[in-house]
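Structure first, then comments.
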Amino acid sequence: MAEAALALQESPDTERFQRVAVLLVRGGTIIIRGLFDNIHPPLTLVRALKIHRATLDDLRRRRILNSDQWKKLFPSPDAYGQTKDFDLTLIFVLLRNICNLTEPANGWNNLPANISDISLEDDLARIKYHRNNTYAHTMDGQLSEDEFNECWDEISDALLRILTFYDTPESVRNWEKEIKKLRRGPISLKDIQAWLAGFP
């Protein structure tokens, strides 16, 4: 009983992890979906999916796209998906394969070699890396203060730079303000639910 209570107890380390999780999962998905929508706008997405159908079929055969992701893209033989239903993993697959982006020098699955590498593709690789390694594959849902500060700066800076490719300066400033509030402000289950429900 004591072990279970200890494992599930809140701590500064688990709180830091929760902040990063909300930034990555909610903020990252909204911002990177916005980038994809800028490249393939919702009004022409069906055309893009038709044009790239052979590429997408190949990704499915190679199991890069799983059956659930395929259903998001093609819910039925005569229907096409909408990006509001695409999660971050699916959006990354689409960005890499049907958006004419250039693979970063260090690859899509690794951090860029230098902090000065700030191309759009480098920043997408940063978000993908932290989505996979800081969030999805964590062993205990905790981050030390040093780990938190390092990954928060990298994630938030990358997301804000990605925004500048397609959004207005005012929107970028608004996101920057809300990200700062998420980093330092009081956080509760209600705060987390507000971020998960939609951008404040």
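The values are calculated or read from the model by the stated rules, or taken from the named source; none is laboratory data. All values derive from a computational prediction rather than experimental measurement. Cβ: placed from backbone, ideal geometry, glycine included. Neighbour counts: every protein chain shown. Note: areas computed on protein heavy atoms with side chains; ligands, DNA, RNA excluded. Shrake-Rupley method; radii C 1.70, N 1.55, O 1.52, S 1.80 Å.
Counting only heavy atoms of the protein chains and using a 1.4 Å probe, residue 154 has close to 40 Å² of accessible surface. Using heavy atoms of the protein chains and a probe of 1.4 Å, the accessible area assigned to residue 89 is about 60 Å². Cross-link partners for residue 180 among the lysines, with Cα-Cα distance under 24 Å and sequence neighbours closer than 8 places in the same chain left out: 128, 190. Identify which of 26, 61, 131 has the largest mean-square fluctuation in a Gaussian network model of the chain, with springs joining Cα atoms closer than 10 Å. Among 26, 61, 131, the largest mean-square fluctuation in the Gaussian network model of the chain belongs to 61. Residues of segment 142-171 with an amide N closer than 20 Å to a point placed 7 Å from the Cα of residue 55 along the Cα-to-Cβ direction: 166.
Solvent-accessible surface of segment 18-159, averaged per residue with a 1.4 angstrom probe and all protein chains in place: 52 square angstrom.
In this structure residue 126 has an accessible area near 10 Å², from a 1.4 Å probe over the protein heavy atoms. Each peptide in 74-86, 28-40 gets a packing score, the mean of other Cβ atoms within 10 Å over its residues, and the list from highest to lowest is 28-40, 74-86. Applying a length cut-off of 18 Å (Cα extent along the axis) and a mean Kyte-Doolittle floor of -1.0 to the DSSP H helices of the chain leaves 145-164. If R0 is taken as 22 Å, the Cβ-Cβ distance between residue 44 and residue 105 corresponds to a FRET efficiency of 0.10. Over the C-alpha atoms of segment 20-120, the Rg to Rh ratio, Rh being the Kirkwood estimate, stands at 0.98.
Across the alpha-carbon set of segment 77-129, the Rg to Rh ratio works out to 1.08, Rh being the Kirkwood radius. Kirkwood hydrodynamic radius of the chain, from the reciprocal of the average inverse Cα-Cα distance over all distinct pairs: 18.2 Å.
Its DSSP H runs of at least 4 residues, each contributing -39,500 (n - 2.57), put the calculated 222 nm mean residue ellipticity of the chain at -18000 deg cm²/dmol, to the nearest 500.
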